[in-house]
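Following: one structure in C-alpha cells, then a few remarks.
The values are calculated or read from the model by the stated rules, or taken from the named source; none is laboratory data. Everything numeric here is computed off the predicted structure, so don't read it as measured data. Cβ sites come from the backbone with ideal geometry, for glycine too, and all protein chains shown count toward neighbours. Ligands, DNA and RNA are stripped out before the accessible areas are found, and what is left, the full protein with its side chains, is counted by its heavy atoms. Shrake-Rupley method; radii C 1.70, N 1.55, O 1.52, S 1.80 Å.
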Amino acid sequence: MAKDLEKVRNIGISAHIDSGKTTLTERILFYTQRIHAIHEVRGKDGVGAKMDSMELEKERGITIQSAATYCTWKDHTINIIDTPGHVDFTIEVERALRVLDGAVLILCSVGGVQSQSITVNRQMTRYKVPRIAFINKCDRSGANPFRVAGQIRDKLDLNPVFMQLPIGLEADLKGVVDLVLMKAIYFEGDSGEIIREDEIPANMVEEAAKYRELMLDAAAMFSDELMEAVLEGTPTTEMIYEAVRRGTLALAMAPVLMGSAYKNKGVQLLLDAVTRFLPMPADIENTALDLNAGEKPVILQSSPDAPLVSLAFKLEDGRYGQLTYIRVYQGTLKKGDAIVNSRSGQKVKIGRLVRMHADEMEEIEVATAGDIVALFGVDCASGDTFTDSQISMSMSSMHVPAPVISLAIIPKDNKSQINMSKALNRFTKEDPTFKSFVDHETNETIISGMGELHLEVYVERMRREYNSEVEVGQPQVAYRETITRRAEFNYTHKKQTGGSGQYGRVAGYLEPLEEGEYEFVDSIVGGSIPREYISACDKGFKKSMEKGPLAEAPVTGVRAVINDGASHAVDSSDIAFQLAAIGGFKEAYNKAAPVLMEPIMKVAVEGPTEFQGGVMGSLNQRRGIIVGTFEEGSYTVVEAEVPLAEMFGYSTVLRSLTQGKAEFTMEFKAYRHVPKNVAETLMEAAKKKKAS
Amino acid sequence: MRKEDFIAKNPLRILIPETGPKRMGLVMARAGLGKTAILVQIALDSLLRGKRVLHVSIGHSIEKTRAWYYDIFRDIVAASTLEEAAGIQEDIHRNRLIMTFKEAGFSSAKFEERLHDLVSQNIFRPDCVVVDGIDFATMERDELEALRKVIEAQEGLHAWFSGRCHRDDSHTSEGEVPESCRGYADLFDIAILLRMDPEQKNLVLTVVKDTSGATKPGNILHLDPATLMINP
C-alpha cells in the first residue's frame, strides 16, 4: 500500500449505460495485475466481469451497485468506484461522487454524449469533481471522437482538450498518437499489454502538430512558465503535465483520451493520465460540520495525524455480515480502535478492516486519510460519520431525492414473510432512496423508490439473495397533497362518557410552507395549552399529514401554528390534545384550498430524427410539455417533462413507435399540481377504495 | 409591478406595438454585442402576453438557450419587482419550446417539417418564432425566401431573426442597413441595428427599416452593456 498521500487517487468511472465502463474497469484491473484473466460483461465464458459481483448484474449486463476496488499503477494506489449507468440508480452515482476526488467520464465514440452522461456530468459539477474524458469504442463502426469532443463542449459545457489522436478508426484502429510525447503508441500482445512507441505515421504528422498546438495553447492558460516556454519553443513534458493537471483541477479543462477497452487499446495511457492529471486527496477541500460548535463548517486536513473523520458511504450485506464502505478524510483508522458514530453517539470497535477488490477482500491493519476501505460488523446507516472520541463532526448531509413510485408487495408464504423483513431492513439501510412501510389499512407492505426498474431490481434481489418470493401489485404514483392558502382553526375535543373524560382545545392556523415538508410553530403565550401537551399537538398534526383528505396521499408543505387553546385540570391528556390537533387540522385543511400534486419526470428520448414527430406526439399525449429538441445529423434528442403517472409502459410504446431504435431515460424533476380533471378522477378512486 | 403594467411599460413597445407587429423582423449586430439577448427579450415579451414562442437556436444547446431566458427573466423580475414571478415563470416554461440544430443541420425544408410536426399533431402552435444563429452570409437566397414562405404560410405567425454584421461595417451611417446585411435585409419587414455608441459607451438600438411605417425609423433604445437589458 502506498503511504504517500501524493500517490493516492480516488476515482470514479461514470458514464451512460452500455458505454463500456465495466469492460474498462476490467481492463484496468488486468493491467494493474489485480486479476489475471479478462472476462467480458456478457462473455461466453459465463464468468462475468469482476466488478459486476451481483448475480443480477451479471445476468442483465448492467452494473447496479458501485463496487469499490483498488489497484496500484506505477507506485500509485488507485481506488476505483464503479458506478451504475442507469438513472434509476442515481443515488449510487451521487454517493460515489461524494467520496471521489476525480473521475473518468467514459463516452462512446459512436453514441457520444447521451442523456445519462449529461446527468452524471451535472452531478459531478455539483460535487466539483475534476474529470478526464475517455472516448471508448473507437473500434466501432461510426466512431468519431472529434464529434464526441464537440458534444463534450456543447452538451456538457466542459473544455475538452485532446491529449491524443486516434491512429485509424473503426476496424482500422491501431493505436493513438500521444500529443505530449509526439509519439505513436501501439498496444501489442494477446491482451494489449505490450506498449510499443514509434514515430508518428507520416500521414498524421501535420494533424498531430496542429492538435499539439491546440493542446499547448489550452494548457498554457494555467501556467506562465509553460506559456513562456511555448513562445520560446522549449516546452518540456513535465511543464505540460503540470499545466494540464492545474487546468483539470480547476475544472477548467477536461483532457480527452481515447481508445477501445474491448480491443485493449489506450487503457494504460488512461491510467497514466489518472495519476498525472486527477487530484490526490490533499488537492481537494473537504468540509465537515463541527457538532460542538453549532455545526460550523470545518475544513478537514488530509493528514494521518489529525483526529479521525470518516464517512460510511455504502453498506452491503455480505456473506460475513454487514460490510461498511468507508472513506477516511482525516486521521487514521486502525484495527482494534474504538470509533464513534456522530449521529447515534454509539461507540464501536473496529474488528476487521479490509480493502475491497470487487467481491474479494484483503485484510489490512491501518487506513489513513484519503483511503477507501471497508469495515466488518459495524452497525450504521449509509451516510453516517465516524470520528474518534476527540472530536464530534459530521460530514455535510447529502442530497437525497424523494421516492416517486411505490408498489405493494405480498409475501407468498410465512418463510418469505420473514426473509422479506430482513431484506427490506437491509435495503433501506443501504439505499436512502428506497423506502418501505406497512399500510395499516390494507396491511400491505409498500416499497417506494426512484423508478420502475429501481423497485424491480429490489424485488428480484429479495428473491435471489433472501429467498423471499413476493407478489407484486400495480405500481402506484406517489401523489402528494398540499395547501395553497392560510386557514384558521379553533377546535375543541370533548368526550364525557363516564369515568375520566377527554378535553383539549387548540386554535391557530395552517399555511403553505415554501420549503420543506412540515413545520410546527408554538406561538402559545400565557400557558393556554400547558407545556406538556404541546408535543401532543405536534404529533396530532403529523398524524393528520400521513393521509390527506383529498386522495389519501401524504400531505406536505404545511406550517401548523398554534396560538391559543384551553385545557381541563382533570380531563386533559396527551391523547385529548392529539385528537384536538387532528380535528383542528381537518377543520382548516378544506378551507386552505388543498390541491393534489404529482411527480413530474424529466424525460429524454434519443433516437433517429425520422421518428421525432411521432416521439413528440407520444409525449404530448401523455400530458407532457416538450421542453426542447436537439437535432444533430440523423440523431435527435427530445426533452420533455411528463407526469410519472403517464409514463408506465412507455418503453413498449416507444419501441413500437420507433422500431426499437429510440431509447429514453427519465429522472424526477419536481412535484406539480395535478390538473383538475385528473385530480377529480383520483379523488373519486380514493373515495371508492376507502368505501370498500 | 403587475404583469399587465410591465407589458404596457416595456420599452420594446416602441419597436413592437401590442397590436399588429411585423411578420418578419431582423436584429442585426456585430458578433458578441447582444443579439441573442434582444431576441430573448422579444420572446419574453410575447410569452408575458400569453403567446407561444418557438425558439430555434442554431449552434447552441437547449441548456444554454434556457439559461438565457432564466437570466434575463431574473433580471426583469429584479429590475421591475414583477409580481407572482414564480407563476409567470411556470407559464413561460409551458409556452416555450426550444429547438436546436447544429450549424450545418438547419434548412428551410427541415424547419418546415418540424413546424408541421408540431402544428399538425397539435403539440405546439407557436404565435412567435425566434431564430438565432443563422449564418446569412453563407445561406443561399432561395433558402431565405423559402424560409419566409414557411413563416407566411402559418396564419398569424411572427418571426424574429438575428443577423451578424461585419466589423468593417462600423462606419455605416446611422439609420442604414449595414453593408454586410444588405443582401438579405429586403426580405424582412422590420430591421433593427444594435451597435456600440462610442461616446456614451452604451449599446444603442436603432430602427433602420420598417415597411409598414408604424415605427419611426431612428427610434432609439439603450441597452445596459452589463446586463444586456433594454433600459427603460
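Before moving on, here are some points about what is shown:
- Each residue of region A:546-552 was assigned a 3J(HN,Hα) from its phi angle through the Karplus expression (A = 6.51, B = -1.76, C = 1.60, θ = phi - 60°), giving 5, 9, x, x, 6, 9, 6 Hz with x at Gly and Pro.
- Reachable lysines from B:Lys110, criterion Cα separation under 27 angstrom, eight or more residues apart if same chain: A:Lys155, A:Lys602, A:Lys661, B:Lys22, B:Lys35, B:Lys51, B:Lys64, B:Lys102, B:Lys149
- GluC sites (Glu not before Pro) within region A:507-570, DSSP loop, no more than 12 other Cβ atoms inside 10 Å: A:Glu514, A:Glu515
- Drop in accessible area of at least 50 Å² in the complex versus isolated chain, residues of region B:97-132, 1.4 Å probe: B:Thr100, B:Lys102, B:Arg114, B:Ile123
- A:Asp4 exposes around 80 Å² of accessible area when a 1.4 Å probe is run over every protein chain in place.
- Assigned charges on the beta-carbon of Lys, Arg, Asp, Glu; region A:418-566 dipole about Cα centre (debye): 540 debye
- As a fraction of the 1.4 Å probe accessible area of region B:3-223, surface on carbon and sulfur atoms comes out at 48 percent.
- Listed residue (B:Gly105, B:Phe161, B:His93) projecting farthest to the positive dipole end of region B:3-223, Cβ model: B:His93
- Where A:Glu488, A:Glu26 fall by accessible area, highest first, once all protein chains stay in place (1.4 Å): A:Glu488, A:Glu26
- Pairs from A:Lys183/A:Lys210; A:Lys296/A:Lys669; A:Lys543/A:Lys690 whose Cα-Cα separation, in the structure shown, is over 20 Å: A:Lys296/A:Lys669
- A:Glu444 long-range amide H proximity, modeled H, under 5 Å: A:Asp439
- A simple rule links phi to the HN-Hα coupling: the Karplus curve 6.51 cos²θ - 1.76 cosθ + 1.60 with θ = phi - 60°, which for region A:568-576 gives 10, 4, 9, 7, 6, 8, 4, 5, 5 Hz, with x for Gly and Pro.
- Between amide H atoms placed 1.01 Å from N, distances below 5 Å from A:Met393 occur with A:Leu291, all of them 5 or more places distant or on a separate chain.
- Subtracting the Cα-Cα distance of A:Glu188 and A:Ala569 from their residue separation scaled by 0.36 nm leaves 128.2 nm.
- In chain A, helical runs assigned H by DSSP with n ≥ 4 each contribute -39500 (n - 2.57); averaged across all residues and rounded to the nearest 500, the mean residue ellipticity at 222 nm is -9000 deg cm²/dmol.
- Computed over the Cα atoms of region B:3-223, pair by distinct pair, the Kirkwood hydrodynamic radius stands at 17.8 angstrom.
- Look at the dipole of the protein assembly as shown built from charges on Cβ: of A:Pro549, A:Thr248, A:Phe376, the Cα furthest out on the positive end belongs to A:Pro549.
- Legend: residues A:Met280, A:Met253, sorted from most to least accessible area (1.4 Å probe; ligands, DNA and RNA excluded), read A:Met280, A:Met253.
- Amide H partners (placed H, <5 Å) of B:Thr100, local residues excluded: A:Thr629, A:Phe630, A:Glu631, B:Ser57
- The charge dipole of the protein assembly as shown, taken about its Cα centre with unit charges on the Cβ atoms of Lys, Arg (+1), Asp and Glu (-1) only, comes to about 2200 debye.
- C-alpha center-to-center spacing [region B:179-232, region A:618-677] in angstrom: 40 Å
- Of A:Lys429/A:Lys547; A:Lys128/A:Lys334; A:Lys263/A:Lys429, those spanning more than 28 Å from alpha-carbon to alpha-carbon: A:Lys128/A:Lys334; A:Lys263/A:Lys429
- Rounded to the nearest 20 debye, the dipole magnitude of region A:529-653 is 500 debye, with +1 charges on Lys and Arg beta carbons, -1 on Asp and Glu beta carbons, and the Cα centre as origin.
- Solvent exposure of region B:3-223, expressed per residue, is 45 Å² of accessible area, with all protein chains present and a 1.4 angstrom probe.
- Helix A:145-156 vs. chain A, principal-axis angle (Cα, 0 to 90°, nearest 10): 30 degrees
- Charge dipole (chain B, unit charges on Cβ, about Cα centre) - positive-most of B:Thr81, B:Phe136, B:Asn122: B:Thr81
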